[in-house]
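Student: A single structure is presented below for examination.
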Amino acid sequence: MSQVPFQPTDNNNSATTDVTPVVALKELVARLHREQNKIQDLLSSLGFALRSFNNLNQFLELIPLMATRVTDADGSALFLYKPNGQVRLEQLHWQDSRQRKNIRKALETASSQITLLPNTAPISSATGMLDDQMHRYLGPDVQIFGTAILVKHTERGWLYVLSRDPEYSWTETRQKLVRLVADQTAVAIENDELAVELRKKERLDQELEIGAEIQRRLLPRQCPNIPGAILAARCKPANRVGGDYYDFIPTSHSQILPYDRIGQDSGRWGLVIGDVMGKGVPAGLIMTMMRGMLRGEVLHSNSPSGILQNLNRVMYADLENSHRFVTLFYSEYNPHKRILSYSNAAHNPPLWWHAATKSVTRLDTLGMLIGLDANSQYEDAQAQLEPGDIVIYYTDGLTDAAAASGDRFDEENFVAAFSAACRYCNGPEEIVDYLFTQVQQFIGAERQNNDDMTLVVLQIL
């Protein structure tokens, strides 16, 4: 009986044929997992760098490296558009260090051929020019794929991946990954710009605070002691730096004394209130300039109208250049005769409460704004004050104060409130408190007035 010989080779071959696809599949899955983990690690590192780096340039150095790794390219280049219209190679990564220098030179030459003119050609056309220049200087062997870097919907640059592999393809996965890296780049650029703006704002806030402090120091720290009279004053700027102005000015050299000795001389005192058209720093600067000029002018012993006329001539050129004007009411009080001499340059006329008749009149003269006409003429007038009389100087921030409904406090309400204050308040300080309270209640306890408010109250004993 013949036996069939055993043939292990056939069985082994069959086994090998069955197992090989399974092993290959397992290896493919394992490789995909490794690639996925690598990509996740790279992107996590990029996110960590975005949160941690304070220096934008340090972060941008990582971008081409990350783009190269996640797309399995030979290299990557980051181009950014500069404010002067230039397209600049910001960062480059190239796997082969021997070729890096030549690649960089080719890319820098390509980008130098392009200049963007602001608000002219669309950015897309500039991108096409960049692609053409890169193909020209890199040669046909290098494949180029890029995606835009968008900051607030504005194109700020491009991120390119480069490959010498002729089989390299711009797959959907690679496109998504590079866009993700480009988006992280855009976030970093925007964060850096926001940080710069924040630092600018902080510096501006510091400068505004310094300006506000200087302005507070230029306003009178206290009211002078004038024989036979009591004064009170308050200025409440809408912003940290305001355009309202009030002052108490000694009219003779013998009265210019330290504040702790003010009032020992019984000469005439200049009482002035003004308002620079506008608010904020420009108005505050003009107010400061006007204060110095007015104080110097008062010492020349001119009449109130002469003082306003000279001040207008001196300030006209500066005010014309700044397109601003000043309303100003200047008065001088003689405590011996109880006479208030005054002249008005289109300011809100002060109100005069007559104690004897319980009535209110306005102190006004004809005169134009300071800075409107270099040849403006002003008028003089006088008021003979009696014991118990009260004069209030104010700016239009009080009468123009608006409630939530849009209604204005207006002059009629202000006169009525002033009359009530003169009847029932005990002294100028209480009058100031009462009027500010009335205006604040009118506009609303939680609302801020949008204009500076200033009051000066003079009461004759």
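The values are calculated or read from the model by the stated rules, or taken from the named source; none is laboratory data. Being a predicted model, the structure only gives us computed values, none of them experimental. Because the Cβ atoms are built from the backbone with ideal geometry, glycine has one as well, and the counts that use them run over all protein chains shown. Just the protein is used for accessible areas: all its heavy atoms, side chains included, with ligands, DNA and RNA removed. Shrake-Rupley method; radii C 1.70, N 1.55, O 1.52, S 1.80 Å.
Student: Anything in the stretch 436-461 that is out of contact with any Cys (no Cβ under 9 Å at 6 or more places or on another chain) and of a type in the set (A, V, I, L, M)? List them, or say none.
Tutor: Correct list: 439, 443, 445, 457, 458, 460, 461.
Conditions tested, residue by residue: (1) closer than 22 Å to residue 246 by Cβ; (2) under 33 Å from the mean Cα position of the chain (by Cα).
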site	(1), (2)
398	yes, yes
403	no, yes
408	no, yes
412	no, no
417	yes, no
422	yes, no
429	yes, no
439	yes, yes
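Student: Confirm whether residue 285 is surrounded by 23 or more Cβ atoms within 10 Å (Cβ to Cβ), at pLDDT below 95 and in a helix (DSSP H, G or I).
Tutor: No.
Student: Being open to solvent by 40 Å² or more (accessible area, probe 1.4 Å), of a type in the set (A, V, I, L, M, F, W, C) and modelled with pLDDT of 85 or more is the filter here; which residues of the stretch 212-239 pass it?
Tutor: The answer is 230, and nothing else.
Student: Still on this model: So in the stretch 353-386, with the set limited to residues that are small (Gly, Ala, Ser) and more than 44 Å from the chain's Cα centre (by Cα), which one is least open to solvent (accessible area, probe 1.4 Å)?
Tutor: This residue is 383.
To keep it simple, each residue is scored yes or no on (1) among the small types (Gly, Ala, Ser); (2) at pLDDT 85 or above; (3) in a helix (DSSP H, G or I); (4) within 38 Å of the chain's Cα centre (by Cα).
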{"site": "150", "(1), (2), (3), (4)": "no, yes, no, yes"}
{"site": "155", "(1), (2), (3), (4)": "no, yes, no, yes"}
{"site": "160", "(1), (2), (3), (4)": "no, yes, no, yes"}
{"site": "168", "(1), (2), (3), (4)": "no, yes, no, no"}
{"site": "179", "(1), (2), (3), (4)": "no, yes, yes, yes"}
{"site": "182", "(1), (2), (3), (4)": "yes, yes, yes, yes"}
{"site": "187", "(1), (2), (3), (4)": "no, yes, yes, yes"}
{"site": "191", "(1), (2), (3), (4)": "no, yes, yes, yes"}
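Student: Which residue out of 439, 456, 432, 415 is open to solvent by less than 50 Å² (accessible area, probe 1.4 Å) and part of a strand (DSSP E or B)?
Tutor: Going through 439, 456, 432, 415 in turn, just one is open to solvent by less than 50 Å² (accessible area, probe 1.4 Å) and part of a strand (DSSP E or B): 456.
Student: Among the residues of the stretch 47-60, how many are modelled with pLDDT of 80 or more and either surrounded by 17 or more Cβ atoms within 10 Å (Cβ to Cβ) or of a type in the set (A, V, I, L, M) (or both)?
Tutor: Count: 3.
Student: Quickly run through the stretch 82-117 and pick out the residues that are under 16 Å from residue 144 (Cβ atoms) and either assigned to a strand (DSSP E or B) or among the hydrophobic types (A, V, I, L, M, F, W, C) (or both).
Tutor: Hits for the stretch 82-117 are 87, 89, 92, 93, 94, 103, 106, 107, 110, 114.
Student: For residue 426, only one of the following conditions fails: (1) open to solvent by less than 50 Å² (accessible area, probe 1.4 Å); (2) under 27 Å from residue 224 (Cα atoms); (3) not small (Gly, Ala, Ser). What is its number?
Tutor: Checking residue 426 against (1) open to solvent by less than 50 Å² (accessible area, probe 1.4 Å); (2) under 27 Å from residue 224 (Cα atoms); (3) not small (Gly, Ala, Ser), the one that fails is (1).
Student: Separate question: For residue 360, which of the numbered conditions (1) of a type in the set (A, V, I, L, M, F, W, C); (2) at pLDDT 95 or above; (3) assigned to a loop (DSSP other than H, G, I, E, B) fails to hold?
Tutor: That leaves (3) as the condition not met.
Student: For the stretch 327-352, name all the residues that are surrounded by 23 or more Cβ atoms within 10 Å (Cβ to Cβ) and in contact with a helix residue (DSSP H, G or I) (Cβ under 6 Å, 6 or more places away or on another chain).
Tutor: Hits for the stretch 327-352 are 330, 342, 343, 345.
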